[in-house]
Amino acid sequence: MNRPVTSLQQDAVNVARGFLMGGADIIPGVSGGTVALILGIYQRLVTSISHVDGTLIRHLRAGQFSTAAAHIDLRFLVALGSGIALGIGGLASLMHYLLAHHLSLTYATMFGLIAASCVLVARMVDRWSGGNAGIATATAVAAFWIVGLLPSTPPAGHMYLFLCGFVAICAMILPGISGAFILVIMGMYFHITGILKELLQGVVTTEHVASVAIFGAGCTVGLLGFSKLLQWLLCAYESTTMAALCGFMAGSLRKIWPFKRNVTLESLDRLPLPPEQLASIRSQPQPLEHVPPEYHIYENVWPDHFSGDVGSAIALAVLGAAAVLMLDYLTRASRRVPHLDVRDDLCEEIGASPPGRP
């Protein structure tokens, strides 16, 4: 495939792109894959990752290191990966705080971001046939149900942590599916962001290092394996896949509806906590403060009156949507239609013809 000429300036741009992707990935409900798609680098990213294959190993065994680096587009991956790490590390502590103390305003911003991203993904469906519309509706209903589930109590042990990394990274690379939200459902989001927060504050323990390493190993295995499947899906069933993702995004908006009522105290028996911990919570003067944030239960409501908080939430949602649409507008002229890039180039990579072509 043809790649842009590399330079320090291009490297800086790719670091900035990675920062935006990392910042998106740390937010439950926002997809780094969607950001990559908007920025016009999605096809290049998926192809580069998928090139960690037998050809790469042969180049390395033969001592052809320059050829191996070119095969996986190493300079691009390093710059982008550095930006992603900076985005995740720089925003992990902030998001941990915002979700714990400013949930409504944070969700309002996310709602605008995801609603606008859903529109962009819908545009990438070649033709909204009855079949594609049905698939989008089915995935929207499924997502609406899934995001209403209560977070689970994460099993102890490193194998579950590895599994969380594996599943979350697969979600992160897909436009429209939030890996951070998957971690919320699996009951590990606050655990992971809490570890990152403490590491950034200089609190380094053996358990923290081991947890990050195991989670990272799960991410690596998931990323390398899933990129191959993603190539095939985007080539053979690109329009159907994008319709499914659009539905999933639309249904997941239920989770980040900004106007909520905390019903945790009314639903303590539904929490997946040990009976002795529930008894201890009930005995406290202010029980809600002793329920871990990841186990709070919220009910979506309509505002019963207009207030400053409601106005701020609406304004942030509009600004979030405008930011996504503006970013798409600014980058559209400098790139081809994203889904055509994915379909044509990835099909060539796996030796198949794009849909509708001989």
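Numerical summary
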| quantity | calculated |
| --- | --- |
| Every pair of residues 6+ apart whose Cβ atoms lie under 6 Å, when the first sits in the range 82-93 and is at pLDDT below 85 while the second is polar (S, T, N, Q) and in a helix (DSSP H, G or I) | Ala92/Thr193 |
| Residue in the range 175-187 that is open to solvent by 50 Å² or more (accessible area, probe 1.4 Å) and under 29 Å from Ser117 (Cβ atoms) present | no |
| Candidate set from the range 225-247 (those that are under 18 Å from Ala115 (Cα atoms) and aliphatic (A, V, I, L, M)); member that is farthest from the chain's Cα centre (by Cα) | Ala243 |
| Where a residue in the range 293-317 is over 21 Å from Phe190 (Cβ atoms) and its partner, wherever it lies, is open to solvent by 40 Å² or more (accessible area, probe 1.4 Å) and β-branched (Val, Ile, Thr), with Cβ under 6 Å and at least six apart | Leu316/Thr109 |
| Given (1) touching a Ser or Thr at 6+ places or on another chain (Cβ under 9 Å); (2) in contact (Cβ under 8 Å) with a residue 24 or more places away in the chain; (3) crowded, with 19+ Cβ neighbours inside 10 Å, index of the condition Lys197 fails | (3) |
| Scope the range 241-269; condition in contact with a Ser or Thr (Cβ under 9 Å, 6 or more places away or on another chain) and in a helix (DSSP H, G or I); matching residues | Ala243, Ala244, Leu245, Cys246, Gly247, Phe248, Met249, Ala250, Gly251, Ser252 |
| Single unsatisfied condition, Ala313 versus (1) buried (at least 17 other Cβ atoms within 10 Å of the Cβ); (2) farther than 30 Å from Ala142 by Cβ | (2) |
| So Met159, is it modelled with pLDDT of 85 or more and part of a helix (DSSP H, G or I) | yes |
| Tally of residues being farther than 21 Å from Leu99 by Cα and assigned to a helix (DSSP H, G or I) across the range 170-208 | 5 |
| Yes/no for Val15 being in contact (Cβ under 8 Å) with a residue 12 or more places away in the chain and either buried (at least 22 other Cβ atoms within 10 Å of the Cβ) or at positive phi (or both) | no |
| Residue in the range 40-58 that is more than 25 Å from Leu229 (Cβ to Cβ) and hydrophobic (A, V, I, L, M, F, W, C) present | no |
| Selected residue [assigned to a helix (DSSP H, G or I), hydroxyl-bearing (Ser, Thr, Tyr) and either in contact with a Leu (Cβ under 8 Å, 6 or more places away or on another chain) or modelled with pLDDT of 90 or more (or both)] from Thr55, Thr34 | Thr34 |
| Ala116 vs. criteria touching a residue at least 24 places away in the same chain (Cβ under 8 Å), open to solvent by 40 Å² or more (accessible area, probe 1.4 Å) and assigned to a helix (DSSP H, G or I) | no |
| Filtered residues of the range 225-248 (kept if touching a helix residue (DSSP H, G or I) at 6+ places or on another chain (Cβ under 7 Å), in contact (Cβ under 8 Å) with a residue 40 or more places away in the chain and open to solvent by 30 Å² or more (accessible area, probe 1.4 Å)) | Phe226, Lys228, Thr240, Phe248 |
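Residue by residue, here is whether (1) among the aliphatic types (A, V, I, L, M); (2) crowded, with 19+ Cβ neighbours inside 10 Å holds:
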| site | (1), (2) |
| --- | --- |
| Ala24 | yes, yes |
| Leu56 | yes, no |
| Phe65 | no, no |
| Ile72 | yes, yes |
| Leu91 | yes, yes |
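The values are calculated or read from the model by the stated rules, or taken from the named source; none is laboratory data. Just so it is clear, the structure is predicted and the values come from calculations on it, not from any experiment. Cβ sites come from the backbone with ideal geometry, for glycine too, and all protein chains shown count toward neighbours. Side chains are part of the model used for accessible areas, which takes the heavy atoms of the whole protein and leaves out ligands, DNA and RNA. Shrake-Rupley method; radii C 1.70, N 1.55, O 1.52, S 1.80 Å.
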